[in-house]
Amino acid sequence: MAPLRAAADMTKLYFQNPLNPLSHTNYGRQVAAGCEVLERVTRRYGKPEFGLKDTVVGGVHVPVHENIVWRRPFCNLIHFERGTEARRNDPKILVVAPMSGHYATLLRGTVEALLPRADVYITDWIDARMVPLQDGKFDLDDYIDYIISMLHYLGPDTHVVGVCQPSVPVLAAVAVMEGRDDPYVPSTMTLMGGPIDTRVAPTAVNDLAMSKGIDWFRRNVVMSVPFPHPGFMRDVYPGFLQLTGFMSMNLDRHMTAHRDYFQDLVKGDGDSAEKHREFYDEYLAVMDLTAEFYLQTVETVFIEHSLPDGKMMHGDIPVDCSKIRRTALLTVEGEKDDITGRGQTKAAHALCSNLPDDMKAHYEQPNVGHYGVFNGSRWRAEICPRVMDFILTHRQSAKGKAPAAKAVAEKPVAAAAPAPAKEKAVAEPATVAKAEPVAASTKVDPLAEILLASPRGVADNLKSITGVGPKLESALNGAGIFHYWQIAGLTDPQIEALDTKLDFRGRIARDNWIEQARKLAETVS
């Protein structure tokens, strides 16, 4: 299509030239408009930018900087760092973007609404055609491993939000972490419009998968990346096929939008035409998926229904959602969702059978479709406030829990009276390195939430942090700090208290212990 597109572009410029008398006629405007429509529908769109340059925090406009804080061949983790004057105790939110054809920038509105009240990170998936073959495969199991690794990097008291397709791997990752008694299990997970159980209210997407079978997909939609792309010879599911599937579900709507765009160009309605360009510049920008990820997802989620049937495996480990006891669950659906049917996401509640009822919530937004669940005015005004309220209610600091508290609280060092056993999966506040535990409601020492009586499992090698030698490591252990996540989660009051207690004289800030500990925490399994 490149020669035709070039010809259309030149013709458009010819009929838009003010020196051309035809450009001032209705005929000239129609030719120019038709050429522009043709050029735009045949163009290959590059990856868009997030373009989030600022936000409002506490009534003050602050700048926002995008930083890549974690890298893998198929994904970067982007941190939207807010330029606030003082360090805030806002919740850390990991937004897991869909790997379903569109780039993570499709969630620009999702991030924008969260930024004023949260420290936001998002998965920026890499176009498979841009990943060299020597970097290896990427399948659904790798996707789950990536999520777990990112949660390790972010540390305790992180909140994960899975939008659409990631709902299944996010739920599976949390189940795997709970099965391992992982200290970095998130405090909450929010699943939005995700296909947890596609047997509930099946849509056209679900019917296609069931009617064709996995062999049909393997024969008809898998292609090799052509030269000269970096991923030459990698088997992929091309983004343009995914886009074709998206558009064919609402073909009349897209045809009407392009007809209106043509008419707006002829009339000279620049504002309406620009709105069309903004939407389709994003919508038509697509990426390739690795064949193994796509086929495994289709088979596991849409054909075999492995997760709701209790048959899903992560490697050789069963994915058992009944083991989830510490991560609160919120599911969100749209009333008019024609991609993920009503009830498919809510099915996660039945799978998390051992999660207390007060740690579960479901919300259905009236009069919105699939994209309205995470973008647009309803998301900003009605859904996002509910998501933030759920996160703030169940964050560990709100409950007086130590970060990554286990289902059973640690035993005090001294012979204090043991706390009564609880049936709930949420632990009592972790014991500090003192003779008497400090109650969450009467906290005086800000370190009460972070210190431990003994390491949880094997203590981390704190000497790996620049500026920490054997003497300082011994002092930190004596105070009750044994792990990277404890240092990574220190708040300003806790830093000040620890500085005073151990006479560090500003070492924590000067040597940047917090950031070092965050990076080291990623390597802890």
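Comparing Ile481, Pro230, Val111 along the charge dipole axis of the chain, the residue lying farthest to the positive side is Ile481, per the Cβ-charge model. Here the Karplus relation 6.51 cos²θ - 1.76 cosθ + 1.60, evaluated at θ = phi - 60°, turns the backbone of region 323-335 into coupling constants of 7, 6, 10, 10, 9, 5, 10, 10, 10, 10, 9, x, 4 Hz, with x for every Gly and Pro. For region 276-342 versus region 467-525, the inter-centroid distance based on Cα atoms is 38 Å. The gain in end-to-end length when the His362 to Ser248 segment is fully stretched comes to 38.0 nm, 0.36 nm per residue minus the alpha carbon separation.
Measuring nothing but how far apart in sequence close Cα pairs (under 8 Å, 6+ apart) lie, relative to its length, the chain scores a relative contact order of 15 percent. FRET efficiency for the Thr256 to Ala86 pair, using the beta carbon distance and R₀ = 51 Å, is estimated at 0.55. Is the chain rounded, prolate or oblate when judged by the Cα gyration tensor, a ≥ b ≥ c being the square roots of its eigenvalues, rounded requiring a/c under 1.5 and prolate requiring a/b larger than b/c? Prolate is the answer for the chain, as a/c is 1.5 or above and a/b outweighs b/c. Residue separation of Asp503 and Arg180 scaled by 0.36 nm, minus their Cα-Cα distance, works out to 112.6 nm of gained length. Surface composition of the chain: carbon and sulfur make up 54 percent of the accessible area, probe 1.4 Å. Between Asn20 and Lys267, the modelled label-to-label distance comes to 2.4 nm, taking each label 7 Å out from Cα in the direction of the beta carbon. Extension gain for Ala204 to Thr393 (0.36 nm times residue separation, less C-alpha to C-alpha distance): 64.4 nm.
The Ser211 and Arg380 beta-carbon pair, evaluated with R₀ = 30 Å, returns a calculated FRET efficiency of approximately 0.20.
Packing around the peptides 349-362, 317-330, 249-262, taken as the average count of other Cβ atoms within 10 Å per residue, puts them in this order, highest first: 317-330, 349-362, 249-262. Accessible surface area normalised per residue over the chain is 45 Å², counting heavy atoms of protein chains with a 1.4 Å rolling probe.
Projecting label points 7 angstrom from Cα along Cα→Cβ for Arg71 and Lys275 puts them 4.1 nm apart. Tell me the chymotrypsin sites (Phe, Trp or Tyr not before Pro) within region 444-519 that lie in a loop according to DSSP and have at most 12 other beta-carbon atoms within 10 Å. Nothing satisfies the criteria. Where does helix 492-502 land angle-wise versus the long Cα axis of the chain, in degrees 0 to 90, nearest 10? Compared with the principal axis, the helix lies near 30 degrees.
The values are calculated or read from the model by the stated rules, or taken from the named source; none is laboratory data. What you are looking at is a predicted structure, and each value in this text was computed from that prediction instead of being measured. Note: ideal-geometry Cβ built from the backbone for every residue, glycine included; neighbour counts use all protein chains shown. Accessible surface areas use protein heavy atoms only, side chains included; no ligands, DNA or RNA. Shrake-Rupley method; radii C 1.70, N 1.55, O 1.52, S 1.80 Å.
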